[in-house]
Amino acid sequence: MGLTVAQKLIQSHLRSGEMTVGSEVGLKIDQTLTQDATGTMAYLEFEAMGVARVRTELSVAYIDHNTLQTGFENADDHRFIQSVAKKRGIRFSRPGNGICHQVHLERFGKPGKTLIGSDSHTPTGGGIGMLAMGAGGLDVAVAMGGGTYYITMPKIVNVHLTGKLNPYVAAKDVILEVLRRMTVKGGVGKIIEYTGEGVKTLSVPERATITNMGAELGATTSVFPSDEITKAFLKAQSREEDWIELKADEDAVYDETIEIDLSSLAPMAAMPHMPDRVKSVTEIGQIKVDQVCIGSCTNSSLMDMLKVAAILKGKTVCPSVSLSIAPGSKQVLNMLAKNGALADMIDAGARILESACGPCIGMGQSPNSAGVSLRTFNRNFEGRSGTADAGIYLVSPEVAAYSALTGVLSDPRDLGEALNIQMPEKFEINDNMVALPASPEEAKDVEVLYGPNIKPFPTTEKLPESITAKAVLKVGDDITTDHIMPAGAKILPYRSNIPYLSQFCFAVCDKTFAERCKAEGKGIIIGGANYGQGSSREHAALVPLYLGVKAVVTKSFARIHCANLINAGILPLNFKNEADYDKISQGDELSLEGVKTAIVNNQPIVLKNLTTGESYELKYDLTKRQKDIILAGGLLNYTRESL
């Protein structure tokens, strides 16, 4: 039986386990990336491990999230990351060089390689045939030290593409269609692999848009083959030597297949407040638009920007609309400036932002109260924009640009004649904003520079024999990491200060949570289905750890967050009978008696409700390695003991 692209990538990097769906496999990691919102903690963890030099083929530290410097905190974090990178053998992408996923695709990603990044949209690399996965910072730190990265062997879903996109229908519409069909839960435990004749009609930037937003499916990752189109892109980046062909065997077998005729798709939008609430633009209708934001790691490529500039050229943004545009990298911005497209954007009335994540992570550009904002981003979770009552719609660059002109949500197919935008035969190459690390000899004299806002990793403890604590919080389905640990300009500067950050934990759901949790000293959280979806931010586990959360009991978990809880030493448990979720109230006194012995001996765990007198059987899906991590009190303790 032949292998899929994903299976070939896993097989060629397999260090432990067997490629049996549902079993744990350990992978060799070739490349890592971090960004500054998660990077400070990742490098604090790496420093705590005591490894002198990274052992990957390539590790890159990007500054792209916390670039709004309203105080010393972000600048101090950047200085810390730069000093660690110089000392430990890591390349440092300076502020202004661009968004990590866009720059990595342009300059560093290689077909056939594995990549993990402390950002959930790392699967962007799947657009050039990488096995690229989002992970918690501690997992990235371990991989930088040469350690193995573990995943549960996923099912492989074949999204078989036929036909060709019609004018003004975009790659964004492809992934929105996949989300419409599969939902934000539908990709859990799966890799999405794109096949078929339709693949050949998509450029690398278009493929990267699709794999980037595949993160919203909850998928392990998404991947395209590496073919002649991949080769042409890498050649245009002066990296033709990095290309290898990578395709599925003709007799490859997939666990599921989804058929999509590209020619049947129409411009679409994800409605508030979830990426899978997808309808066609015409179905939603011409709602009034207050703001349009174009950019993010999903849609900030040169191709996207040239399409936007062509639509805006010679026209003026509607007076009632605020339009901002953030090119994805210095390369993109430079090329726009040199070919005149940037001037077309500016002439039309666009506000040009720096090449960074910006509004996508809530770093500025919050819309007006109760405003409607069209964004080419990947997430529209409630409150993520910085305006709690805003209506955020996710759309393609074509829909965004045309709607900015009309002032209402508009179908760009009304523009008529198709745009003629081709990928350049050669991109502008200038890597002067990537600082190389010191040599091993020079590194001995490099000092790691800490700032006063950088606090140590939270203290972890080994798993006790029993846990008795209140249900300090009960939440529903689809709780995101933005609910648990919000982003935004006011909070992001404190990502390296867990004690300060703790006051904002779950504030979106319950403003009293942090105070109550501290008063209790310990607690258990009760959650619904798909708990912890969204960002890979490990702060959504580290802050509850700091607040004394000992266990989280849910209907089901999102993959990365579950791994982050284990890494933090917080016990992730599921209801065996989901109906038992309804029987627990916030404030109930709960007990997990003999939980340590149960885990050691692989016995059932029972949750006792001391308030009502009821008991609920729980289940847990932990490998032996994960059990050892939980017993040790987290991955950092486990790694220290292993070393």
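Looking only at residues that are among the charged types (D, E, K, R) and modelled with pLDDT of 95 or more in the range 523-559, which one is surrounded by the most Cβ atoms within 10 Å (Cβ to Cβ)? Walk me through it before giving the result.
Narrowing the range 523-559 to residues among the charged types (D, E, K, R): 537-538, 550, 555, 559.
Remaining after also requiring modelled with pLDDT of 95 or more: 550, 555.
Numbers: LYS550: 23, LYS555: 18.
The residue in question is LYS550.
Given the structure, is SER320 part of a loop (DSSP other than H, G, I, E, B), in contact with a strand residue (DSSP E or B) (Cβ under 8 Å, 6 or more places away or on another chain) and of a type outside the set (D, E, K, R)? Please lay out each step first, then the result.
On the way: part of a loop (DSSP other than H, G, I, E, B): yes; in contact with a strand residue (DSSP E or B) (Cβ under 8 Å, 6 or more places away or on another chain): yes; of a type outside the set (D, E, K, R): yes.
Criteria met by SER320.
List the helices (runs of 4 or more DSSP H) that sit entirely inside the range 90-200 and contain at least 3 residues that are of a type in the set (D, E, K, R). Quick ask: steps written out before the conclusion?
Values: elements: 100-107, 137-144, 171-182.
Correct list: 171-182.
Listed here are the residues, each with its yes/no results for (1) under 22 Å from LYS330 (Cα atoms); (2) within 13 Å of the chain's Cα centre (by Cα); (3) small (Gly, Ala, Ser).
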| residue | (1), (2), (3) |
| --- | --- |
| GLN82 | yes, no, no |
| ARG88 | no, no, no |
| CYS100 | yes, yes, no |
| GLU106 | yes, no, no |
| GLY112 | no, no, yes |
| THR124 | yes, yes, no |
| GLY127 | yes, no, yes |
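Which ones in the range 503-515 are assigned to a helix (DSSP H, G or I) and over 24 Å from the mean Cα position of the chain (by Cα)? Lay out the reasoning, then the answer.
So in the range 503-515, the residues assigned to a helix (DSSP H, G or I) come out as 503-504, 513-515.
Of everything in the range 503-515, those that are assigned to a helix (DSSP H, G or I) and over 24 Å from the mean Cα position of the chain (by Cα) turn out to be PHE513, ALA514, GLU515.
Just checking, how many residues over the range 243-254 are within 24 Å of ALA215 (Cβ to Cβ) and either outside the structural domain of GLY129 (by TED's automatic domain parsing) or part of a loop (DSSP other than H, G, I, E, B) (or both)?
Qualifying residue count, the range 243-254: 3.
Mind listing just one residue for me: the one in the range 333-360 that is small (Gly, Ala, Ser) and under 30 Å from GLU382 (Cβ atoms) and, of those, farthest from the chain's Cα centre (by Cα)?
GLY349
So SER280 clears everything in (1) without any contact (Cβ under 8 Å) to a residue 40 or more places away in the chain; (2) in the same structural domain as VAL178 (by TED's automatic domain parsing) except one condition, right? Which one?
Here SER280 meets the rest and fails (2).
Any residue in the range 20-39 that is touching a residue at least 24 places away in the same chain (Cβ under 8 Å), within 20 Å of ALA438 (Cβ to Cβ), surrounded by fewer than 24 Cβ atoms within 10 Å (Cβ to Cβ) and more than 23 Å from the chain's Cα centre (by Cα)?
no
In this structure, does THR257 turn out to be under 29 Å from SER536 (Cα atoms), crowded, with 21+ Cβ neighbours inside 10 Å, of a type in the set (S, T, N, Q) and in the same structural domain as LEU165 (by TED's automatic domain parsing)? Steps first, answer last, please.
Details: under 29 Å from SER536 (Cα atoms): yes; crowded, with 21+ Cβ neighbours inside 10 Å: no; of a type in the set (S, T, N, Q): yes; in the same structural domain as LEU165 (by TED's automatic domain parsing): yes.
Taking the combined requirement at face value, the residue does not satisfy it.
Do the conditions hold for THR211, that is, is it closer than 15 Å to VAL157 by Cβ and not assigned by TED's automatic domain parsing to the domain that holds MET274? Steps first, answer last, please.
Working: closer than 15 Å to VAL157 by Cβ: yes; not assigned by TED's automatic domain parsing to the domain that holds MET274: yes.
So THR211 passes the test.
Can you give me the number of residues within the range 441-464 that are farther than 30 Å from THR597 by Cα and either assigned by TED's automatic domain parsing to the domain that holds ASN567 or polar (S, T, N, Q) (or both)? Don't jump to the end; show me each part of the working.
Within the range 441-464, the first condition is being farther than 30 Å from THR597 by Cα, and the residues that meet it are 441-456.
Next cut, either assigned by TED's automatic domain parsing to the domain that holds ASN567 or polar (S, T, N, Q) (or both) only: 453.
Residues in the range 441-464 being farther than 30 Å from THR597 by Cα and either assigned by TED's automatic domain parsing to the domain that holds ASN567 or polar (S, T, N, Q) (or both): 1 in total.
Return yes or no: is LYS518 in a loop (DSSP other than H, G, I, E, B), more than 14 Å from LEU565 (Cα to Cα) and out of contact with any His (no Cβ under 8 Å at 6 or more places or on another chain)? Talk me through it step by step, then tell me what you get.
Working: in a loop (DSSP other than H, G, I, E, B): no; more than 14 Å from LEU565 (Cα to Cα): yes; out of contact with any His (no Cβ under 8 Å at 6 or more places or on another chain): yes.
No: the conditions fail for LYS518.
Within the range 68-84, can one find any residue that is within 24 Å of ILE128 (Cβ to Cβ), in contact (Cβ under 8 Å) with a residue 40 or more places away in the chain and surrounded by 24 or more Cβ atoms within 10 Å (Cβ to Cβ)? Quick ask: steps written out before the conclusion?
Let us first name the residues in the range 68-84 that are within 24 Å of ILE128 (Cβ to Cβ), namely none.
No; the residues of the range 68-84 include none that is within 24 Å of ILE128 (Cβ to Cβ), in contact (Cβ under 8 Å) with a residue 40 or more places away in the chain and surrounded by 24 or more Cβ atoms within 10 Å (Cβ to Cβ).
If you scan the range 216-275, which residues turn out to be out of contact with any helix residue (DSSP H, G or I) (no Cβ under 7 Å at 6 or more places or on another chain) and among the hydroxyl-bearing types (Ser, Thr, Tyr)?
SER238, TYR254, THR257, SER263, SER264
State whether the residues of the range 9-21 include one that is among the charged types (D, E, K, R), closer than 21 Å to ALA132 by Cβ and at pLDDT 95 or above.
Of the range 9-21, the ones among the charged types (D, E, K, R) are 15, 18.
Next, from what is left, pick out any that are closer than 21 Å to ALA132 by Cβ: 15.
Next, only the ones that are at pLDDT 95 or above stay: 15.
Checked the range 9-21: at least one residue is among the charged types (D, E, K, R), closer than 21 Å to ALA132 by Cβ and at pLDDT 95 or above.
Just to check your reading of the model, which residue among ALA61, ALA6 is in a strand (DSSP E or B) and either within 20 Å of the chain's Cα centre (by Cα) or modelled with pLDDT of 95 or more (or both)? Explain how you work it out, then say what you get.
Working: ALA6 fails: in a strand (DSSP E or B).
Matching residue, one of ALA61, ALA6: ALA61.
Could you tell me which of the residues ARG91, ARG79, ARG53 is in the same structural domain as VAL103 (by TED's automatic domain parsing), touching a strand residue (DSSP E or B) at 6+ places or on another chain (Cβ under 7 Å) and of a type in the set (Lys, Arg)?
ARG91
The values are calculated or read from the model by the stated rules, or taken from the named source; none is laboratory data. Model, not experiment: these values are computed from the prediction. Using ideal geometry, Cβ is built from the backbone for each residue, glycine included, and neighbour counts are taken over all protein chains shown.
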